[in-house]
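Take a look at the structure below.
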Amino acid sequence: MNEQIHSKSENRKALPKFAMTMVGSLLVGGFVGFLVGMTHVLGLDPAALTEKIGAALEAMLPWAIPVSSVLILGATFLLYRSAAKKYAAWNGGDEDAISESVEEALSWSMLLSAVQLLINFFFMAALAAKGLGIGSLWIVGEFMVSCGLVIFAQQKAVDLERKMNPEKHGSVYDSKFQKKWLESCDESERRQIGEASYRAYMVTTRLCLGLWLVLVVLSMVVEMSLLPVFILLVVWGTMQVTYALESIRLGKHSKSV
């Protein structure tokens, strides 16, 4: 009985916040729709705006990947060199402080390399949308070189991490790297990975909900196909189903142990 009362009490406390979130989401969606509607009132053409954005992207295509690679991957390698120097200069003093400093630099290095990879994929998709031709081979080459440098930077970071922690296993060049790396992590590291993964899951869920609302509102005021919504729901659904199935599997495993 006490558990039932406690459950109802928690529901009552959470309901107003939930209702406010839903109302806020509707207001944001309505505001987006209002802004799009105002473009028609003011004589602005969304199609023309889209055309201008496309033209700007087309102008950026030859330079976007090499320029971003120099800036972002340059910072990535600087972070790696800083971490490597700190590790090489370590003289057996405060191991925790050195390890924490080096691992933080390596984590930022991995983050920047992942950002560069996303930039590469975006501009490669923009190139494909524009249409591939003989003149596009140079950009394809830039894409491949940049992706190669990203993988190389990530492998250097992993190698230094393995040097600091010899019990770690895995190579970025291996398709099963993530699995092998996780298996070599201790309980504390697995807990940290689990908490980070759950945080990423929650943020992505909210982002998908927000994007769905924006796309639905936009479809009411501008002509657009259902393809963007379909792709969004495929990604969102895959994440939700995978999370649920993995929770069921882990639940069964923990009971059998």
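Checking each residue of the stretch 197-212 against the condition of being modelled with pLDDT under 90 and of a type in the set (S, T, N, Q) gives at least one match. Give all pairs with beta carbons closer than 7 Å in which a residue from the stretch 112-133 that is farther than 17 Å from PRO62 by Cβ and among the aliphatic types (A, V, I, L, M) meets a residue that is open to solvent by less than 50 Å² (accessible area, probe 1.4 Å) and in a helix (DSSP H, G or I); count only pairs at least 6 apart in sequence or on separate chains. So the pair list comes out as LEU112/ILE72; LEU112/ALA75; LEU112/THR76; VAL115/ILE72; LEU117/CYS147; LEU117/VAL150. Working only within the stretch 71-91, note down all residues that are within 14 Å of ASP159 (Cβ to Cβ) and free of Cβ contacts under 8 Å to residues at least 40 places away in the same chain. Passing the criteria: ARG81, ALA88. When the stretch 194-241 is filtered for residues that are under 30 Å from SER99 (Cα atoms) and out of contact with any helix residue (DSSP H, G or I) (no Cβ under 7 Å at 6 or more places or on another chain), the ones remaining, listed by number, are GLY194, GLU195, ALA196, SER197, TYR198, ARG199, ALA200, MET202, VAL203. Residue under question is LEU209, and the condition is that it be under 23 Å from the mean Cα position of the chain (by Cα) and either of a type in the set (Val, Ile, Thr) or within 27 Å of CYS147 (Cα to Cα) (or both); does it hold? For LEU209, the condition - under 23 Å from the mean Cα position of the chain (by Cα) and either of a type in the set (Val, Ile, Thr) or within 27 Å of CYS147 (Cα to Cα) (or both) - is not met. Here is the figure for the stretch 175-228: residues that are over 30 Å from LEU27 (Cβ atoms) and of a type in the set (Phe, Trp, Tyr) total 2. Residues that are open to solvent by 60 Å² or more (accessible area, probe 1.4 Å), over 30 Å from VAL235 (Cα atoms), assigned to a helix (DSSP H, G or I) and in contact with a helix residue (DSSP H, G or I) (Cβ under 8 Å, 6 or more places away or on another chain) occur at least once in the stretch 123-146.
The values are calculated or read from the model by the stated rules, or taken from the named source; none is laboratory data. Worth saying up front: this structure is predicted, and the values here are computed from it rather than measured. Don't worry about glycine lacking a Cβ; one is built from the backbone with ideal geometry, like all the others, and counts go over all protein chains shown. Heads up: the accessible areas ignore ligands, DNA and RNA and are worked out on the full protein's heavy atoms, side chains in. Shrake-Rupley method; radii C 1.70, N 1.55, O 1.52, S 1.80 Å.
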